[in-house]
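Pasting a structure here, questions to come.
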Amino acid sequence: MVTQDVIEILKKLQDILVKKYDLEAKRDEAPKQLSNQKDLLEKTQKEFIEEQTQYDSIKEKVSKLKEDLEEAVKTREEGEKGVANSTTHREYEALEKQILEAKNKEEEVRKELQKEERDLAELDEKLKNSNELITFQKSELESAQNSINKKTDEYTAELNQLEKEVEEITKELNNEEILFKFERIIQRNSEGIVTVKNGVCSGCHMILPADFANEVRQGDGIKFCPYCSRVLEYDEQSSEDTEDYFSLDSVGSLADFDDETFGEDEDSDEEKDYDDNLYDDDLSDDGSDDDDENQNDDEDDDGDEDSDEE
């Protein structure tokens, strides 16, 4: 199968796999949405149990205090009746002491009983509210659970359909190794096929080795980026853009220059020639003077030689 045909199949497969993995993530995530509600319900139930335990303890204490109060009242009343029937001073003082202790006990127990009864009433109200809250949370949790079950069923139905599409496409591909690698790529990146532009992978923006980039351009088999593992496809358009950028058409020809431009160039050349001539004249003048002086020196030297010979 031609490399480009394989890439086209992979592109179709990519769209399906992206949807598939997205649905799988939603299906797996759906039950987790209930975790907060479950935790809240468990917390409320735990608090309710603790409050119930405390309520039972206070209720038992109140019951005991009521018994102590009845006992104190009974002791006081018996003492009051005994005072009326007392015959001796010692008996009278003992009964008075009994009555006083009973009154103190009664007052102390009554105060404590009133406090515990208030706490019991508050706990009873809390228990009622907690019970109502638990009932509400259970209802909300059940409703959410039903909704999630419905969504999960829908996700499962869509996934089954996508699985069939994947199966059909993989039959066309008929390459287990490429399929395995490509599925792993899509699990990490929703874009599994990227282009090579000017020797650079557009997926990870890493510069590819020149020989490897050339192999991708030639289309000799499926190539995977050595850095991000994505499937590589050569971008012919970017290559054309690069060639156009350096084409002679954009530069133009010599015919595009105006005559005025050449005129200006000619004038500048004439000025340059004029300056050069002036420079040459100066050089020639200086050179003639030097030649005359050199000639005179030569003549003097000859004269001296002749005189020496004589």
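Return yes when LEU23 is in contact (Cβ under 8 Å) with a residue 40 or more places away in the chain and in contact with a Phe, Trp or Tyr (Cβ under 8 Å, 6 or more places away or on another chain) and no when it is not.
Against the criterion (in contact (Cβ under 8 Å) with a residue 40 or more places away in the chain and in contact with a Phe, Trp or Tyr (Cβ under 8 Å, 6 or more places away or on another chain)), LEU23 qualifies.
Do you know which residues across the stretch 25-45 are under 30 Å from ILE169 (Cα atoms) and open to solvent by 50 Å² or more (accessible area, probe 1.4 Å)?
Residues satisfying the conditions are ALA25, LYS26, ARG27, ASP28, GLU29.
Give the residues of the stretch 68-84 that are of a type in the set (A, V, I, L, M, F, W, C) and crowded, with 17+ Cβ neighbours inside 10 Å, sorted by residue number.
Within the stretch 68-84, LEU69, ALA72 meet the criteria.
OK, next. So how many residues does the stretch 112-151 have that are under 21 Å from LEU69 (Cβ atoms) and in contact with a Lys or Arg (Cβ under 7 Å, 6 or more places away or on another chain)?
Of the residues in the stretch 112-151, 3 are under 21 Å from LEU69 (Cβ atoms) and in contact with a Lys or Arg (Cβ under 7 Å, 6 or more places away or on another chain).
Also: Looking at (1) in a loop (DSSP other than H, G, I, E, B); (2) modelled with pLDDT of 50 or more; (3) open to solvent by less than 50 Å² (accessible area, probe 1.4 Å), which is the only condition TYR227 fails?
(3)
Tally up the residues in the stretch 185-224 that are under 31 Å from the mean Cα position of the chain (by Cα) and assigned to a helix (DSSP H, G or I), please.
4
Mind counting the residues in the stretch 157-185 that are loosely packed, with under 12 Cβ neighbours inside 10 Å and β-branched (Val, Ile, Thr)?
Residues that pass the stated criteria total 0.
Something else: Please specify each residue of the stretch 178-199 satisfying the condition of being over 16 Å from GLU233 (Cα atoms) and among the aromatic types (Phe, Trp, Tyr).
PHE180
The values are calculated or read from the model by the stated rules, or taken from the named source; none is laboratory data. Since the model is a prediction, treat every value here as computed from it, not as a measurement. No Cβ is skipped: glycine too gets one built from the backbone with ideal geometry, and neighbour counts run over all protein chains shown. The area values use the complete protein model at the heavy-atom level, side chains included, leaving out ligands, DNA and RNA. Shrake-Rupley method; radii C 1.70, N 1.55, O 1.52, S 1.80 Å.
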